[in-house]
């Protein structure tokens, strides 16, 4: 397993609570980002669903198994630092064919029940 970071090929911007539809078709991960996170948000849940082939969502561009999740229905929880207003993660596929994806990012405050 290589621990070298791979180049990032694209940027996908997200908004809280809005579905994004996109295609992954590169051997390198794409960077996903959320800007302007509200100050009362304490954690985020990112969910991604792909068609026919697996997609990997990761905390790092290297897509290591201990910091990522792979499947056709995957997700990660992001615990935010106080005053954190931006969150970045990485999306990739090992498939040869382009992969159609649908994803959503949900935000939660400290008063919300844990889903």
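The values are calculated or read from the model by the stated rules, or taken from the named source; none is laboratory data. Everything numeric here is computed off the predicted structure, so don't read it as measured data. A quick note on method: Cβ atoms are made from the backbone with ideal geometry, for glycine too, and the neighbour counts reach across all protein chains shown.
Figures for the structure shown
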quantity	calculated
Scope region 10-36; condition touching a strand residue (DSSP E or B) at 6+ places or on another chain (Cβ under 9 Å) and in a loop (DSSP other than H, G, I, E, B); matching residues	10, 15, 16, 17, 18, 19, 25, 26, 27, 28, 29, 35
Breaking point among (1) over 20 Å from residue 110 (Cα atoms); (2) free of Cβ contacts under 8 Å to residues at least 40 places away in the same chain; (3) surrounded by 12 or more Cβ atoms within 10 Å (Cβ to Cβ), for residue 13	(3)
Selected residue (only one of 39, 94, 85, 60 is on the phi < 0 side of the Ramachandran plot, in contact with a helix residue (DSSP H, G or I) (Cβ under 6 Å, 6 or more places away or on another chain) and part of a loop (DSSP other than H, G, I, E, B))	60
Residue tally, condition in a loop (DSSP other than H, G, I, E, B) and either closer than 16 Å to residue 13 by Cα or free of Cβ contacts under 8 Å to residues at least 40 places away in the same chain (or both), over region 64-82	3
Residue in region 24-35 that is within 18 Å of residue 87 (Cβ to Cβ), at pLDDT 95 or above and exposed (fewer than 12 other Cβ atoms within 10 Å of the Cβ) present	yes
